[in-house]
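The structure appears right after this line, and notes come after that.
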Ligand code: ADP
Ligand code: ADP
């Protein structure tokens, strides 16, 4: 479903974020992306969404080379992706429900249907009772779960969550992870990054990144 083939990303001559990364994520897998700040986790996730493109190598999503997608093709790719990134904050001037409805409304869904789907999504993250609250009235963990609801309301095949538990206490972080795992359990492919080793799920597959390389894959660039 997701394949990196010897991917290198250089932002500038002295900023190499990924070095010869190769990996495969199968449909329905739950994968944690671990490693310290600056290891390249965000860059890796952004490349799956074509928010960044490889300097060399290929990134395939459902067999499509996403580094070569033209701007007109991006909405089609991203329709399959639920994105939970720091940059995509909730809109603070409208309700939780309106935030979650937005991705449906922009694709032209009728309002009543969008509201029904948004309520179902909020129910799945345990926040239906906060539907009419303003985002800033919620705790950090609740806001992050609203972001998850917004990301999955279009029923994407893949969820990409970049540090979804950052700045949360342990209990809130676990609720966020449980919400993500609930989608994994119904077949959604999930990639979750975290710099916090304690957040990693012992039962899940963990990919460790250091200085832009996957641990144990230091020679991948030379081999490929
Ligand atoms: P992580 O998510 O693991 O913290 P990032 O992917 O954000 O790692 O960053 C990896 C490396 O790439 C870091 O050295 C970072 O400074 C650099 N980097 C990230 N984004 C940019 C950018 N837009 N321009 C230049 N350098 C960047
Ligand atoms: P409906 O709008 O028909 O009530 P739901 O949105 O409640 O449907 O979802 C129906 C089922 O599909 C739920 O059990 C949900 O967990 C599951 N499901 C499967 N794939 C996804 C996905 N990518 N995103 C959200 N839910 C999903």
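Taking a point 7 Å out from the Cα of residue 105 in the direction of its Cβ, the residues of the stretch 149-180 whose backbone N falls within less than 16 Å of it are 150-151, 153-154. Taking label positions 7 Å along the Cα-Cβ direction at both residue 166 and residue 68, the computed distance is 3.3 nm, reported to one decimal.
Only beta bridges with both residues in the chain are counted; by DSSP, about 50 percent of them are antiparallel. Considering the stretch 5-71 at the alpha-carbon level, its Rg and Dmax are found to be 11.8, 37 Å.
What residue among 59, 176, 186 shows peak mean-square fluctuation when the chain is described by a Gaussian network model with Cα springs under 10 Å? Per the Cα network of the chain with a 10 Å cutoff, 186 tops the list. Report summary: the helix-based calculation at 222 nm, which adds -39500 (n - 2.57) for every DSSP H run with n ≥ 4 and divides by the residues of the chain, gives -9500 deg cm²/dmol. Between the stretch 1-56 and the stretch 133-171, the alpha-carbon centres lie 22 Å apart.
Across 108, 212, 67, mean-square fluctuation computed from a Gaussian network of the chain (C-alpha pairs under 10 Å connected) peaks at 108.
What is the Rg over Rh value, at two decimals, for the stretch 94-139, using alpha-carbon atoms and the Kirkwood definition of Rh? Here the Rg-to-Rh quotient is 0.97. Here each label is just a point 7 Å from Cα along the line to Cβ, and for residue 137 and residue 55 those points are 4.9 nm apart.
Find the relative contact order for the chain and round it to a whole percent, using C-alpha pairs within less than 8 Å whose residues are 6+ positions apart.
31
Derived from the Cα gyration tensor, the three semi-axes of the equivalent ellipsoid of the chain are 30, 20, 15 Å, largest first. Compared with the alpha-carbon gap, the fully stretched path from residue 202 to residue 181 is longer by 6.2 nm at 0.36 nm per residue.
For the residues 151, 131, 15, a GNM of the chain with alpha-carbon springs under 10 Å puts the largest fluctuation on 15. Kirkwood analysis of the stretch 107-224, using all unique Cα-Cα pairs, places the hydrodynamic radius at 16.0 Å.
Bear in mind these aren't lab numbers, they're just calculated from the coordinates by the rules spelled out. Since the model is a prediction, treat every value here as computed from it, not as a measurement. Because the Cβ atoms are built from the backbone with ideal geometry, glycine has one as well, and the counts that use them run over all protein chains shown.
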